[in-house]
1. With a 1.4 Å probe and all protein chains left in place, how much accessible area per residue does the chain have, in Å²?
2. Can you give the % of DSSP beta bridges in the chain that are antiparallel, to the nearest 5?
3. Take the solvent-accessible surface of the protein heavy atoms, probe 1.4 Å, and return the percent of it on the chain that carbon and sulfur atoms account for.
4. Restricting to lysines 8 or more places apart or on different chains, can you count the pairs in the chain with Cα atoms under 26 Å from each other?
5. Using the basic label-point model (7 angstrom from Cα toward the beta carbon), what is the ASN103 to GLU46 distance in nanometres?
6. Tell me, what is the FRET efficiency for SER114 and ALA23 to the nearest 0.05, using R0 = 22 angstrom and their Cβ-Cβ distance as r?
Amino acid sequence: QVQLVESGGGLVQPGGSLRLSCAASGRFFSFYDMGWYRQAPGKQRELVATITNEGRTNYADPVKGRFTISRDNGKKTVYLQMNSLKSEDTAVYYCNAEWTSSNYWGQGTQVTVSS
């Protein structure tokens, strides 16, 4: 069993930056592929970025070059550095952990980009 707790969301102006954190509890964190997803009002949840247990990363086209996903297995934490934020990045951001048939979600953290 893995529990995920996101933090770091908030209100930021366009062009600003935020760093989201996702702290995991439980065993075998280093085995999990981790990801960030987001859901804007009235829209489906969508992939933002993923990082495998080997450190390979993948990004959705809208965030390439602006967002960076990373992980610290010693701290059981995955991060999402978000730069050059746009109003269209406004959403609830969710952390995801996946390993074999196990799949876990955090409760989400709100990111609002507005002047």
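1. Working: 6210 Å² over 115 residues.
Result: 54 Å² of accessible area for each residue.
2. Working: 39 of 42 bridges.
Percent antiparallel among DSSP bridges in the chain is about 95.
3. Numbers: 2850 of 6210 Å².
Carbon with sulfur: 46 percent of the solvent-accessible area.
4. Details: LYS43/LYS64; LYS43/LYS86; LYS64/LYS75; LYS64/LYS76; LYS64/LYS86.
Close lysine pairs found across the chain: 5.
5. 1.9 nm
6. Values: r = 27 Å, r/R0 = 1.22.
Calculated value: 0.25.
The values are calculated or read from the model by the stated rules, or taken from the named source; none is laboratory data. On a predicted model such as this, the values are computed, not experimentally measured, just so you know. With ideal geometry, Cβ positions are generated from the backbone for all residues, glycine too; neighbour counts draw on all protein chains shown. Only protein heavy atoms, including side chains, enter the accessible area calculation; ligands, DNA and RNA are left aside. Shrake-Rupley method; radii C 1.70, N 1.55, O 1.52, S 1.80 Å.
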